[in-house]
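**Student:** Below is a structure I'd like to ask you about.
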Amino acid sequence: QARAREARLAALLAACHEAGRPWLLLGHHRADQAETLLFRALRGSGPAGLAGMAPARPAVEALLLRPLLGTPPARLEAVVAA
């Protein structure tokens with residue numbers, strides 16, 4: 001799973017670079033953040049890992065942004081349903 005996730009991210013970043021787009025917006029939300037923290041805690045991660053996903057992270061090809069990290073999934077589902 002980790003290799004597949006890394007490959008997807010690399011492909012998306014390469015597409016940003018090729019298209020001249022400086023940002024890659026990802027759809028991680030509040031539940032994704034909680035899941036990340038739980039899995040990291042179960043694996044014995046230290047303080048850096050328990051900080052969770054960063055809302056912004058630089059990459060060579062583009063800036064990774066996660067603007068929905070504080071948004072509950074139910075709110076996103078309501079928007080889609082509307």
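**Student:** Kindly provide the Kirkwood hydrodynamic radius of the chain in Å, to one decimal, from all pairs of distinct alpha carbon atoms. Write down the numbers at each step before the final one.
**Tutor:** Details: mean 1/r = 0.0708 Å⁻¹.
For the chain, inverting the mean 1/r across all distinct Cα pairs yields 14.1 Å.
**Student:** Next question. In nanometres, what is the gap between the two model label sites at Ala7 and Leu38, each 7 Å from Cα along Cα-to-Cβ?
**Tutor:** Result for the modelled spin labels: 2.7 nm.
**Student:** Would you calculate, for the chain, the mean residue ellipticity at 222 nm contributed by helices, counting each DSSP H stretch of 4 or more residues as -39,500 (n - 2.57) and dividing by all residues, to the nearest 500? Each step should come with its number before you reach the end.
**Tutor:** Working: 3 runs with 40 residues, N = 82.
Taking each H run of at least 4 residues, the total per residue is -15500 deg cm²/dmol.
**Student:** Let me ask something else about it. So what is the relative contact order of the chain, in percent, for Cα pairs below 8 Å that sit 6 or more residues apart? Please list the in-between numbers first.
**Tutor:** On the way: 83 pairs, mean separation 29.8, N = 82.
The normalised contact order for the chain reaches 36 percent.
**Student:** Could you pull out the trypsin sites (Lys or Arg not before Pro) across the chain that fall in loop regions by DSSP (anything but H, G, I, E, B) with no more than 12 other Cβ atoms inside 10 Å?
**Tutor:** Passing sites in the chain are Arg43.
**Student:** With a point put 7 Å past each Cα toward its Cβ, work out how far Ala15 is from Leu76 in nm, to one decimal.
**Tutor:** 1.7 nm
**Student:** Distance in nm between label sites at Val60 and Ala48, each 7 Å beyond Cα in the beta-carbon direction?
**Tutor:** In this crude spin-label approximation the distance works out to 2.0 nm.
Read-outs throughout are calculated quantities, based only on the coordinates presented, and are distinct from any laboratory measurement. Remember, it's a predicted structure, so these values are computed and weren't measured experimentally. Here Cβ is always computed from backbone atoms with ideal geometry, including for glycine, and neighbour counts include all displayed protein chains.
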